[in-house]
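Encoded as structure tokens, here's the structure I'll be asking about.
The values are calculated or read from the model by the stated rules, or taken from the named source; none is laboratory data. Because the structure is a prediction, the values reported are computed rather than measured. Cβ sites come from the backbone with ideal geometry, for glycine too, and all protein chains shown count toward neighbours.
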Amino acid sequence: MTCRLSVLAGAGVIFALACATGNAADTKQAALAAKGKAVFDENCVACHQPDAVGLPGTAPSLRAKELLRYGSDRFFTQTITDGRPDTPMPSFADVLKPADIKAVIAYLRSLAKEPSQGNDIDKERPSAGDVALGKDRFAQICASCHGENGEGYEAEGSGTAIGKAGFLSKASDGFIRGTIREGRSNTPMHGFIGASALANLSYQEIDAIVAYLRSRQGQ
């Protein structure tokens, strides 16, 4: 009996320590997110708006569940650091410290409804799609919002500049595939797979669009 009580007591101590460690980590992450919100409100809110809902024609929503699910920390870090050349998104390399950028990402993560899959998404296979088919589908389906060459808002469309190197150098093929499949909640970007989609694309057609966009990366 004494041994059993000792084991139970030991298990209780371990459980309490685990809870305390978890609570401390949660508190630290909450503090980091709070710092990130302050940095966001000072530097990002003019374009991305309060609560990161975005401003159509200027800056996309950063709180769409699909973006936060598919976007890796690498994707967000590089985007904030480098910006998106030839778009309204400037580089913040000389404005924000790495710790500030990490805090902003923590704030964005705090808006998510589900865990990020970004690191796994970034490891997905590169596209091996048919570039010619992708170009055709892009012209038919994507160009009306994203511009004929994917130039985004400067073409007076509602979509972002997905044909420019500033995006393509940061977004993985898995990220782009997932975005085409599922779209972005509460934005003009709807999903393109399934019977209720704007266009029920096959996986082959989606991979072809990704391949076409990759073919434009050096342009």
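Can you name the residue in segment 110-127 that is part of a helix (DSSP H, G or I) and touching a helix residue (DSSP H, G or I) at 6+ places or on another chain (Cβ under 7 Å) and, of all such residues, is nearest to residue 71 (Cα to Cα)?
118
Could you list, in sequence order, all residues of segment 70-93 that are polar (S, T, N, Q) and either without any contact (Cβ under 8 Å) to a residue 24 or more places away in the chain or over 18 Å from residue 217 (Cβ atoms) (or both)?
The answer is 72, 77, 81, 91.
Right, here's the next one. On the basis of being aliphatic (A, V, I, L, M), at pLDDT 95 or above, crowded, with 16+ Cβ neighbours inside 10 Å and under 20 Å from residue 83 (Cβ atoms), does residue 176 make the cut?
Criteria met by residue 176.
Would you check which residues across segment 186-219 are of a type outside the set (A, V, I, L, M) and closer than 16 Å to residue 145 by Cα and list them?
Of everything in segment 186-219, those that are of a type outside the set (A, V, I, L, M) and closer than 16 Å to residue 145 by Cα turn out to be 186, 187, 188, 190, 191, 192.
Does residue 69 meet the test of being among the basic types (Lys, Arg), at pLDDT 90 or above and part of a helix (DSSP H, G or I)?
In short, yes.
Given the residues 103, 93, which is the only one that is surrounded by 19 or more Cβ atoms within 10 Å (Cβ to Cβ) and at pLDDT 95 or above?
Within the list 103, 93, the selection yields 103.
Can you find, within segment 128-146, the residue that is surrounded by the most Cβ atoms within 10 Å (Cβ to Cβ) among those that are modelled with pLDDT of 95 or more and assigned to a loop (DSSP other than H, G, I, E, B)?
129
Still on this structure, please answer the following. Just to verify a result, which residue in segment 128-149, among those that are out of contact with any helix residue (DSSP H, G or I) (no Cβ under 6 Å at 6 or more places or on another chain) and among the aliphatic types (A, V, I, L, M), is farthest from residue 181 (Cα to Cα)?
Step by step, filter segment 128-149, then rank; the result is 132.
Here's something else I'd like to know. Taking into account only those residues within segment 150-170 that are surrounded by fewer than 17 Cβ atoms within 10 Å (Cβ to Cβ) and out of contact with any helix residue (DSSP H, G or I) (no Cβ under 6 Å at 6 or more places or on another chain), which is nearest to residue 189 (Cα to Cα)?
156
Residues 159, 129, 150, 174: which one is of a type outside the set (Lys, Arg) and on the phi > 0 side of the Ramachandran plot?
150
Determine if segment 94-103 includes at least one residue that is in a loop (DSSP other than H, G, I, E, B), in the same structural domain as residue 180 (by TED's automatic domain parsing) and touching a residue at least 24 places away in the same chain (Cβ under 8 Å).
no
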